[in-house]
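The values are calculated or read from the model by the stated rules, or taken from the named source; none is laboratory data. The structure displayed is predicted, hence computed values, not measured ones. Neighbour counts are summed over all protein chains in view; Cβ atoms, including those assigned to glycine, are modelled from backbone coordinates with ideal geometry.
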Amino acid sequence: MKKLTKIHKAVFPVAGLGTRFLPATKAIAKEMLPVVDKPLMQYAVEEAYAAGVRHMIFVTGRSKRAIEDHFDTAYELEHELEAANKSDLLRLVRSIMPDDMVCSYVRQPRALGLGHAVLCAEPLVGDEPFAVLLPDDLMCGPEGGPGVLAQMVDVFQDYPTSLVAVQEVPLDHVKRYGIVAGDRVGERIVKVRQMVEKPSPETAPSRMGVSGRYVLTPSVFNEIRNNPRGAGGEIQLTDGIAKLMATEGVHAYEYQGKRYDCGSKQGFLEATVDLALKHEEVGASFRDYLKKTVC
Ligand code: UTP
């Protein structure tokens, strides 16, 4: 019988500056912006929890205090809701932090890049495979199916190397992504031979763009540490993972589901409309509103 390699820990790098969302992100983290009624951060944590992860590690920076407060007990609020007999709301608030979930925080003192942010989590991750989720990529699994990280944890059982989530992107968008190319070795699985950060359309080896979900082996920490600064003068996660191609190997997984780039205004608006239309409470009335307004 196959031995199950559990992924216990997930790293959430949330120390970026969020400049594309200024002025909203001047004093609050972009990861706390709500899509309908939940902050982006909570969607990502719920996705990790559903994939079996129980230790959430946040790499935070200045102006990110609200994230810590969100995943903590809110004594005054809970007391008020209890006193007012609002048991549904009380359950909702308490469900954000299940009893078996642990949260740890580490600071990235300067926003030196995503690779550097992941490296800041090394003392908390230790020597075991771990997940990385970028909360500004809001990922929706297929209707009624597993979330994207759960799919990846499953794939990791058969391909226990570092794993990146990919989807085909339009050619004129390749410069926004890490792009991978390689050999197909299974259904939706590619053995990665080339990996470049934000190439131009002329030099891109394929149109397979990396989305913000990874399962990584701990060797990536040394590769990040030993890598010079890459594209944009930042310490890139892509460059660290690319080094693993020559040692342990890297696979790309073409995930099932939809990604919303909520770090951009367009992606954030698309997520808001799509999720509002599916929302239990406001979905039907919002659909009526859109029909009347948009056409
Ligand atoms: P982005 O480049 O999308 O985030 O990084 P950003 O820098 O916050 O946004 P813009 O481009 O200025 O609008 C992807 C992820 O990596 C994190 C970000 O918080 C985001 O989740 N990140 C990026 C860090 O934690 N530290 C960094 O130094 C850079």
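Numerical summary
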{"quantity": "Test: residue 190 is within 26 Å of residue 135 (Cβ to Cβ), over 18 Å from the mean Cα position of the chain (by Cα), crowded, with 21+ Cβ neighbours inside 10 Å and at pLDDT 95 or above", "calculated": "yes"}
{"quantity": "When residues of segment 114-132 are limited to those that are of a type outside the set (D, E, K, R) and more than 12 Å from the ligand (Cβ to nearest atom), the one surrounded by the most Cβ atoms within 10 Å (Cβ to Cβ)", "calculated": "131"}
{"quantity": "Boolean, residue 285 is polar (S, T, N, Q), more than 27 Å from residue 22 (Cα to Cα) and surrounded by fewer than 16 Cβ atoms within 10 Å (Cβ to Cβ)", "calculated": "yes"}
{"quantity": "Within segment 1-48, tally of residues that are within 18 Å of the chain's Cα centre (by Cα), farther than 20 Å from residue 95 by Cβ, charged (D, E, K, R) and surrounded by fewer than 24 Cβ atoms within 10 Å (Cβ to Cβ)", "calculated": "2"}
{"quantity": "Checking residue 157 against (1) outside any strand (DSSP E or B); (2) within 16 Å of the ligand (Cβ to nearest atom); (3) polar (S, T, N, Q), the condition it does not meet", "calculated": "(2)"}
{"quantity": "Residue that is under 21 Å from residue 259 (Cα atoms), crowded, with 21+ Cβ neighbours inside 10 Å and more than 18 Å from the chain's Cα centre (by Cα), where the choices are 153, 164, 174", "calculated": "174"}
{"quantity": "Residue 135 vs. criteria in a loop (DSSP other than H, G, I, E, B), surrounded by 16 or more Cβ atoms within 10 Å (Cβ to Cβ) and on the phi < 0 side of the Ramachandran plot", "calculated": "yes"}
{"quantity": "All positions within segment 138-150 that are surrounded by 16 or more Cβ atoms within 10 Å (Cβ to Cβ) and away from the ligand (no atom under 16 Å from the Cβ)", "calculated": "140, 141, 146, 147, 150"}
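Each row is one residue, and each column tells you yes or no for (1) without any contact (Cβ under 8 Å) to a residue 40 or more places away in the chain; (2) farther than 26 Å from residue 120 by Cα; (3) of a type in the set (A, V, I, L, M).
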| residue | (1), (2), (3) |
| --- | --- |
| 155 | no, yes, yes |
| 162 | no, no, no |
| 177 | yes, no, no |
| 190 | no, yes, yes |
| 203 | yes, yes, no |
